[in-house]
1. Once label points are set 7 Å from the Cα along Cα→Cβ at both Asp11 and Arg268, what is their separation, rounded to one decimal in nm?
2. Report the equivalent ellipsoid semi-axes for the stretch 235-317 in whole Å, largest first, defined as the square roots of five times the eigenvalues of the gyration tensor built from alpha carbon atoms.
3. Please list, or write none, the lysines whose alpha carbon is within less than 27 Å of the alpha carbon of Lys206, excluding same-chain residues fewer than 8 places away.
4. Please quote Rg/Rh for the chain to two decimal places, taking the Kirkwood radius as Rh and restricting both calculations to Cα atoms.
5. Which FRET efficiency value, to the nearest 0.05, is calculated for Gln186 and Gln276 with the Förster distance at 22 angstrom and r the Cβ-Cβ distance?
6. Between Glu62 and Ser33, what length in nm is gained on full extension when 0.36 nm per residue of separation is reduced by their alpha carbon distance?
7. Full extension from Glu261 to Glu21: what is 0.36 nm times the residue separation minus their Cα-Cα distance, to one decimal in nm?
8. Between Leu164 and Asn284, how many nm apart are label points set 7 Å from Cα along the C-beta direction?
Amino acid sequence: MSTAGREALPDPDLSCTFRGEPQRLDLYLSLQSQDHSRSQFKKLIQEGSVLVNGVSVKASYELRYGDKISVWLPAPGSEERLTPEPMPLEVLYEDEDIIVVNKAPGVVVHPGAGHETGTLVHGLLAHCAHLAMQGGPLRPGIVHRLDQDTSGALVAAKSERAYLNLIQQFKDHTVQKEYLALVYGQVLPVEGEIRTQLDRHPVDRKKMAVSRIKGREAISRWKVEKAWEELTLVRVAIETGRTHQIRVHFSHMGHPIVGDETYGGGRRRARSVKCQSVQSILLNVERQMLHARRLAFHHPITQAALSFDAPIPSDFSQLLAQLA
């Protein structure tokens with residue numbers, strides 16, 4: 001894609017204004033997308049499909065504050081056609097328009113860099129006759145996500161009309177989402193709210209962080225379910241659905257989620273637990289103990305009120321049993 005005649009080009013698929021410290025263009029783009037790798041962006045840059053301030057630059061171009069970036073992605077081709085892959089699915093509800101599943105921990109929701117196969121989307125395609133294609137060629141039917149190591153209730157759209165309605169419900173914050181989280185320390189008060197802005201971490205762009213300057217508002221409300229001397233089980237209702245929201249909020253409060261290596265709840269924190277028997281139990285935890293227990297919304301077609309409770313996975317329930 002040359003810059004000549006670019007006035008005739010369609011609108012870019014991705015556009016943004018850079019607001020950070022100087023950074024390589026290809027690296028920055030790869031950190032903004034879960035669907036394309038750094039090498040893929042480098043190829044697009046070399047092909048002239050990425051413009052900075054309206055002109056082509058090299059992949060090594062150092063972005064400066066205020067630079068305007070435009071990206072044209074290749075049209076979906078045969079390489080983006082997903083092959084259905086049968087996998088065990090715990091279906092909580094299904095009709096011709098939607099499917100609600102209890103996502104297992106360790107399962108990535110849709111394909112992206114490093115996860116081309118074995119995702120929930122691959123399993124859904126094997127289970128369902130069709131999924132809404134408005135989600136895109138690599139994420140058909142996906143209207144919201146859970147982190148790879150977060151388990152729990154997730155709804156996907158099978159019809160196009162269901163997709164559009166569900167997207168609007170999430171946008172309007174009318175979907176009710178409640179999680180269970182096992183966190184370090186004693187959470188006080190026993191119920192409360194944390195309201196902050198969340199933005200990309202200023203240094204590690206794969207992480208999120210609480211920001212006092214910019215970002216998007218994130219609201220989490222908690223209530224203590226059970227407390228031990230050095231651990232607390234909390235119910236968390238989120239009004240917004242920001243990336244890593246609960247993990248960042250509780251880490252910011254000094255109560256990182258057990259098993260969350262990214263936000264301070266990993267093995268290093270486990271070794272600081274005074275009770276040796278509890279410490280040995282926590283050192284065997286292999287993922288963050290965060291579970292989307294409840295999901296409630298209106299059926300996108302009938303508008304009937306729906307609510308689903310997702311059973312806790314075995315690793316989480318066994319951990320709680322060991323602590324009891």
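1. It works out to 4.4 nm between the two label points.
2. 31, 15, 9
3. Partners found: Lys42, Lys43, Lys58, Lys68, Lys103, Lys171, Lys177, Lys214.
4. Using only Cα positions, Rg/Rh for the chain is 0.99.
5. The value I calculate is 0.70.
6. 8.6 nm
7. Details: separation 240, 0.36 × 240 = 86.40 nm, distance 2.55 nm.
Taking Glu261 through Glu21 to full extension adds about 83.8 nm, to one decimal.
8. 5.2 nm
Just so you know, all these numbers are worked out from the coordinates, no wet-lab data involved. Values in this document were obtained by computation on a predicted structure and should not be read as measured data. No Cβ is skipped: glycine too gets one built from the backbone with ideal geometry, and neighbour counts run over all protein chains shown.
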